[in-house]
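Written below as structure tokens is the structure these notes are about.
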Amino acid sequence: MHVVLFLSGLAGGGAQRRMLTLAGAFAGRGHGVSLLAVRPSGPFREQVPAGVEVLAVGGLQWHWPIRGLDRALSVLVAIPALSRRLQALRPDVVLATSDPANVAALAARALRRLPVPVVAVVNTDHSAALARRSPIVRVVLRRILVWAYRSADAVIAISAGSSRFVRTLAGLPENGVTTIFNPVDSVGIERLAAAPLPHPWLQDRCVPVVLVVCKLKPQKDLPTLIHAFAQARSLRTLRLLVLGEGELQPELERLVHQLGLANDVAFEGFVANPFAYMARASVLVLSSAWEGLSNVLLEALACGCPVVSTDCPSGPREILDDGRYGKLVPVGDAATLAEAMLAVLDQPAEPDRLRARARTFSVSAAAERYLGLIEAVVAARRGVVVASLARDAPEPTRRSPRNRG
């Protein structure tokens, strides 16, 4: 079976890391796997598993001056080129991730009436994100998402919370969305976590280090985290390391300076191996206003790193089992977040217990569930095509009995 995994690009991010993990698992089971990207370059390009080919969608490449719209609009502009690419590749199935990619893949299929099935993966609970939009934009986005979810041959949600959102929004039945948690390559992560790391803050064990790993964008609510860090730091010596890039970095750096934290906060940019940091940090904090599942929490657990997370929709509560494997705090509450950080620093969780929790989100289990659904979708689509061909076939010419012989 030839599986095309379609995504915006190979820049750092949880969705991209999941697709790479799945691509390697599918290829390891003997399937042909292509990563088809609008922008095939990026930090994750070097991490593509063996046996997986990387292909560019091609066509026009647009760079949008409007902050925050670059990736989504670039993917949508690529729809005509994507349609041509899929027609040439003729894969057995397309697995798309992120809503821009889902919409683009389905529109590309419709553009040329391609028979290829499309499986859409929903990465997040959009209820909080949609609530922040203007009424007109919210209506438009809802209609587009409803069309996409209803048009897909199958919909996968990465958490129970995001599954509920999709079913409610699109009016899908309970069995119309399949929940498959993100896979965690615990063995690979533990190996990378042991890599040398010369960062001076993580060699000085006398000063606890709070770690953040995320894109610097509004969803992650980093201003609340920085205010929480300032409150915690007023009570004890602490340092904050931020791994990631994004459009909000200048604004966040200004806030750090305004709060007098410049000597104890460092923005490290994108880091190819965040696991070495997670294994050595005192606590990892997720301050998001909304999520889908959060790979970062899973990866931190795999590294044995204690975690604090907002109880946002959706994912953290599911990963941390209602707080049994990490502190959960309300969204946007800097004071409670500061208290939770200090509590975890005073009484950290046992690393082996956290690693054991991460191992329950195995790559093998996720890959088998993905492939089981994909194979069912491919079989169903082929059955529809065969039935359609049978219906459209011309009636055989019948000769009159008088003319026989």
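The values are calculated or read from the model by the stated rules, or taken from the named source; none is laboratory data. Small disclaimer: the values here were computed from a predicted structure and weren't measured. When we count neighbours, we look across all protein chains shown, and the Cβ atoms used for this are built from the backbone with ideal geometry, even at glycine.
Pairing residues of the stretch 340-353 that are among the acidic types (Asp, Glu) with residues that are outside any helix (DSSP H, G or I), at Cβ distances under 9 Å and at least 6 apart in sequence or on separate chains, gives 350/304; 352/304. Any chance the stretch 332-352 includes a residue that's touching a Phe, Trp or Tyr at 6+ places or on another chain (Cβ under 8 Å), over 23 Å from residue 236 (Cα atoms) and either part of a loop (DSSP other than H, G, I, E, B) or charged (D, E, K, R) (or both)? So far as the stretch 332-352 goes, no, none of its residues is touching a Phe, Trp or Tyr at 6+ places or on another chain (Cβ under 8 Å), over 23 Å from residue 236 (Cα atoms) and either part of a loop (DSSP other than H, G, I, E, B) or charged (D, E, K, R) (or both).
If the condition is being touching a Phe, Trp or Tyr at 6+ places or on another chain (Cβ under 7 Å), assigned to a helix (DSSP H, G or I) and either at pLDDT 95 or above or not aliphatic (A, V, I, L, M) (or both), then the stretch 108-154 contributes only 127.
Looking for something within 30 Å of residue 23 (Cβ to Cβ) and outside the structural domain of residue 159 (by TED's automatic domain parsing) - is there at least one such residue anywhere in the stretch 323-343? Yes, because at least one residue in the stretch 323-343 is within 30 Å of residue 23 (Cβ to Cβ) and outside the structural domain of residue 159 (by TED's automatic domain parsing). Screening residue 279 against (1) surrounded by 21 or more Cβ atoms within 10 Å (Cβ to Cβ); (2) under 23 Å from residue 18 (Cα atoms); (3) within 21 Å of the chain's Cα centre (by Cα); (4) in contact (Cβ under 8 Å) with a residue 60 or more places away in the chain leaves a single unmet condition, (3).
Select from the stretch 4-34 the residues that are surrounded by fewer than 23 Cβ atoms within 10 Å (Cβ to Cβ) and either farther than 21 Å from residue 246 by Cβ or assigned by TED's automatic domain parsing to the domain that holds residue 212 (or both) and list them in ascending order. 21, 24, 25, 27, 28, 29, 30, 31, 32, 34 - these are the residues of the stretch 4-34 that are surrounded by fewer than 23 Cβ atoms within 10 Å (Cβ to Cβ) and either farther than 21 Å from residue 246 by Cβ or assigned by TED's automatic domain parsing to the domain that holds residue 212 (or both).
Step by step: first the residues of the stretch 292-334, then only those that are among the acidic types (Asp, Glu) and in contact with a Lys or Arg (Cβ under 9 Å, 6 or more places away or on another chain), then the one that is surrounded by the fewest Cβ atoms within 10 Å (Cβ to Cβ). Which residue is that?
The initial filter retains those residues of the stretch 292-334 that are among the acidic types (Asp, Glu), namely 299, 311, 318, 321-322, 333.
Applying the additional criterion that residues be in contact with a Lys or Arg (Cβ under 9 Å, 6 or more places away or on another chain) yields 299, 311, 321.
Values: 299: 25, 311: 16, 321: 11.
So the residue we want is 321.
Scanning the stretch 98-115 for residues that are touching a residue at least 40 places away in the same chain (Cβ under 8 Å) and either aromatic (Phe, Trp, Tyr) or in contact with a Leu (Cβ under 9 Å, 6 or more places away or on another chain) (or both) gives 98, 99, 100, 101, 102, 103, 104, 105.
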